[in-house]
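The values are calculated or read from the model by the stated rules, or taken from the named source; none is laboratory data. In this text the structure is predicted, and so the values were computed from the model without any measurement. Note: ideal-geometry Cβ built from the backbone for every residue, glycine included; neighbour counts use all protein chains shown. Protein only, heavy atoms only, side chains kept; ligands, DNA and RNA dropped before computing areas. Shrake-Rupley method; radii C 1.70, N 1.55, O 1.52, S 1.80 Å.
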Amino acid sequence: MKRRKKVRGFLLVTGWLLLAGVAWGQEEESPAVEPVAAEAEETSAGEPEPFDVEAATRAYLAKQSPEEKERSDSYFEGGYWLRLWGFLYGLGVAWLLLGTRWSAKMRDLGRRVTRFRAVHTALYAVQYILATTVLGFPLALYQGYFREHQYGLATQGFGGWMRDQGVGLGVELVLMPILLVALYAVFRRAPRTWWLWGAVVGLVFLVLVILIAPVYIAPLFNDYKALEDPEVVEPILQMARANGVAVDNVYQFDASRQSKRISANVSGFLGTLRISLNDNLLERCTLPEVKAVMAHEIGHYVLNHIYESIVFFAVVLTLAFAFVRLGFEAARARWGEWWGIEGISDVAGLPLLGAVFSIFFLLATPVMNTYIRVNEAEADIFGLNAAREPDAFAETALKLGEYRKLDPGPFEEWFFFDHPSGRSRIEMAMRWKAEHLGEPGMRVP
């Protein structure tokens with residue numbers, strides 16, 4: 001998904017806590033979904049020929065022009081390198097803060113201000129956020145602003161983009177100190193098992209973010225309001241009610257002020273669960289396509305993906321903290337005196353902590369992507385069964401091709417894709433269609 005407009009990461013130590021949103025793309029509105037060229041044609045005897053799934057998939061993929069394919073592939077493949085450069089850039093920032101003893105000086109400033117350790121940590125957190133924001137700004141500016149405009153995906157001017165960056169910084173300045181105060185309190189009180197209790201704190205923080213994001217964070221970036229059009233709302237709510245989803249509103253948000261991307265998401269849980277779609281989707285897609293997208297989103301809730309993901313990330317965070325325990329201690333033993341780090345409970349070691357976390361999650365990329373991709377595929381299948389719109393589903397997958405490579409190789413999809421590729425999704429839709437031709441409500445060629 002996702003995904004939708006995201007808060008700018010919470011820096012190295014908290015970016016790994018946020019779940020990816022579910023994002024779908026649409027293209028220009030068309031009055032009806034056209035049948036693909038490979039649909040069954042009647043024989044002279046009046047019998048329909050067997051539906052060729054592979055030919056239908058190829059016909060959909062052929063709708064993308066060579067120029068569109070080149071631009072999409074270039075954008076998406078460039079993202080592979082940006083992940084690597086972003087990782088190396090983050091390591092460089094951490095090394096700068098440690099090697100110049102800048103991090104130790106920020107810690108010492110807090111100690112001079114007050115004797116309360118929690119306040120030391122909070123003051124350090126504020127300094128750390130401001131320092132890493134400034135140091136990371138050149139890469140963020142290129143990746144989030146210039147590159148998006150270069151590929152024609154952004155609609156936001158520089159002033160609006162800077163406004164969103166400022167809002168994201170404000171969110172970090174509120175949430176990051178809360179996380180770090182809790183983490184370092186655990187580090188001080190459990191010097192041997194800090195890594196285990198740290199994972200617990202991380203998981204609690206993750207759940208907190210999931211709970212508050214739809215109501216308190218997302219509206220800081222976009223205006224959310226209940227969708228009023230009954231022609232769109234009623235089919236969505238019918239699907240929701242039929243599948244036991246306890247929602248009575250569908251929300252829309254004004255993503256068009258930032259991007260041309262079309263997206264929808266299911267976010268929150270318990271009392272903050274929301275199904276949302278952006279205004280680009282409403283303006284650029286047909287009603288069957290909207291229905292296909294929202295059926296996918298409903299599937300995430302019905303299949304308990306939010307709760308399942310909390311369990312998954314509990315395991316991942318435990319493994320991550322165990323990895324950090326080994327990496328942090330090894331690095332501190334070698335360079336700690338030079339950096340001025342006293343131990344894991346010393347907040348001056350935060351850049352090292354974040355760097356080791358980033359190494360773990362880089363190595364875990366295919367595992368993380370595979371887990372998310374499997375969940376997305378499950379929601380895809382649910383959406384096909386709920387909406388019964390295979391051609392509209394295929395059209396939405398095609399339209400992700402504005403910024404996602406449609407037809408990657410198997411290894412490429414396994415390692416880099418956190419959603420099924422466009423080809424995989426179209427083939428799934430055509431296979432579903434082949435098995436349901438002739439059923440009530442299905443268009444028969």
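General observations
- Portion, in percent, of the accessible area of the chain that falls on carbon or sulfur, probe 1.4 Å: 60
- Cα-Cα pairs of the chain separated by more than 43 Å (percent): 19
- Crossing angle, helix 194-212 versus the chain [Cα axis fit, 0-90 degrees, rounded to tens]: 50
- Hull-based mean projected area of region 332-445, where the convex hull spans the alpha carbons, in square nanometres: 10.6
- Value of Rg to Rh for region 244-387, rounded to two decimals, is 1.14; Kirkwood radius and Rg both from alpha-carbon coordinates.
- Semi-axis lengths, Å, region 217-327, gyration tensor of Cα atoms, sqrt of 5 times eigenvalues: 30, 18, 12
- Accessible area per residue, Å², the chain with all protein chains present, probe 1.4 Å: 45
- For the chain, the longest site-free run once GluC sites (Glu not before Pro) in DSSP loop states with at most 13 other Cβ atoms within 10 Å are removed: 229-445
- Annotated for the chain: lysine pairs at least 8 residues apart or interchain, Cα distance under 13 Å, count 5.
- Theoretical ellipticity at 222 nm over the chain - DSSP helices of four or more residues, -39500 (n - 2.57) apiece, nearest 500: -21000 deg cm²/dmol
- Taken along the Cα-to-beta-carbon direction at a fixed 7 Å, the label points for T155 and R188 span 4.9 nm.
- Leading residue at positive end of dipole, region 294-420 (Cβ point charges), from F411, N369, V347: V347
- Annotation: extensible slack from N385 through L135 equals 85.2 nm (criterion: 0.36 nm per residue apart, minus Cα-Cα distance).
- Relative contact order, percent, the chain [alpha-carbon distance under 8 Å, six or more residues apart]: 26
- Computed over region 115-207, the quotient of the alpha carbon radius of gyration and 2.2 N^0.38 Å is 1.40.
- log₁₀ of I(q)/I(0) at q = 0.11 Å⁻¹ - region 293-362, Debye sum with one point per alpha carbon: -0.43
- Note on K69/A118: beta-carbon distance plugged into 1/(1 + (r/R0)^6) with R0 of 51 Å gives a FRET efficiency of 0.40.
- Loop sites in region 125-234: trypsin sites (Lys or Arg not before Pro), DSSP, at most 11 other Cβ within 10 Å: R192
- Per residue, the convex hull spanned by the Cα atoms of region 96-160 amounts to 103 cubic angstrom.
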